[in-house]
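Just so it is clear, none of the values below were taken in a lab; they were calculated from the coordinates. This is a predicted model, so every value here is computed, not measured. So basically every Cβ, Gly included, is an ideal-geometry build from the backbone, and we count neighbours across all protein chains shown.
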Amino acid sequence: MAAIKKLKSSPKVAVITGISGQDGSYLCELLLEKGYKVHGLVRPSAQRQQTLNRPLREGVTLHYGDMSDLGRLIQILGSINDIDEIYHLAAQSHVGVSFETPLSTSDTNAMGTLRLLEAMRVLDLGKTTRFYNAGTSELYGSDMPAPQTEETPFHPVSPYATAKQFQYWTTVNFREAYGFHASNGILFNHESPRRGTTFVTRKITTQVALIACGLLESFELGNINAIRDWGHAKDYMRGAHLILQQPKGGDYVLASGQAYSVRQFVEAAFRIIGVKIAWSGTGIDEIGTDSVSSKVRVRVNPKYYRTLENETLLGSAAKARRVLGWQPKYTFDDLVEEMVLSDIRAVKAGKMFAHTYLDLDWLVDESTEASKDPSYGIDSNGGIHDNDPPINNSVVMGNMVNWEDGNRRDISTEYFP
């Protein structure tokens, strides 16, 4: 009886693939707040360019792993005792890139998920460990009635989305065929200051921040009429956790239920810095100008158009609200304001990244004196590279973290092409 009581009082154990990404960072923070022990998978190809002696938060262990290596996945999961939950967030997440790299996208997103589930099956974890798969609204494709729900048919229009459809149905299949507690979260677009700058929302907010600081005149976008349902990644990771607290596995749409165009996102971002955008022209000749100074701030460039585009994605999270009690806390305006102000602070501090802004500060124990030193994580010339124009200023942040072999090594952010 004593052993049973001890087991019940032990912290929950979670594994997060893709822990170094936007969603992984917020989910890790949430689970740590709830008292979990968290294990994260990090690709061995991650660039590690600096070493920082900053203490890591208690409860986090990182493992080298790759979704292409079934043997390694079995080894990692087998080395962790009493895994309660696995959150599968790792993916090649760029829709545009998937058209150029359909094979690697499919291997990572589709086959990687199958390998992870198969590792669980080999280790007989299916009935004791709960599995969450990060799905996407890109599954729905174009010309689907809005709002999209769990019952809306899928019609993927990109290699990314077709791989995600395989991922979705593989999760369902392991639930139905092998009795796994396996769930899909069909997440509509979710953003934050930690979003990679290759995504349109973060591209907009970084460029607006550079304009606000006098370092940029204008920038280019693709289809500004595309409509998306945008929410905050924090809200969606809270939803992912709620999904795995249900007695049975299931599939849930997480969405704000409100749709905005890329054009409206641009306007909202500029409003934060006191600029009203006036549009003129049509199609690829359309421009957005400062309504007061008449300076051109936004241009349309067809090279940023996708090969195939989902014009409108709008979700209904009615099931998640009813079953999970999930409710978004952030409004669209809250989200845009947080992203713009965060990027302005980053520009002023010389911390603007060329491709991504994940400095892994969420892994640092902020209670220690060492973590409060602002010089940590900034390169020798303050983050400004003399030979680069301002838009390409970059800093690689890193942290000393605990690895499964008991050693402490550096893990730095990754640059995505």
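Extension gain for the segment Thr198 to Gln246, taken as residue separation times 0.36 nm less the Cα-Cα distance, is 13.8 nm to one decimal. Gain on full extension, evaluated as 0.36 nm per residue between Arg299 and Arg121 minus their Cα-Cα distance, stands at 59.0 nm. For the pair the range 89-109 and the range 192-249, the centres of their Cα atoms are 19 angstrom apart.
Of the trypsin sites (Lys or Arg not before Pro) in the range 216-274, which ones lie in a loop per DSSP and count no more than 11 other C-beta atoms within 10 Å? Sites meeting the loop and neighbour criteria: Lys248. Full extension of the chain between Trp169 and Ala146 yields a length gain of 6.1 nm, computed as 0.36 nm times the residue separation minus the alpha carbon distance. Residue pairs exceeding 31 angstrom between C-alpha atoms, taken from Lys34/Lys203; Lys276/Lys329; Lys34/Lys276; Lys37/Lys329; Lys203/Lys234; Lys37/Lys203: Lys34/Lys203; Lys34/Lys276; Lys37/Lys203.
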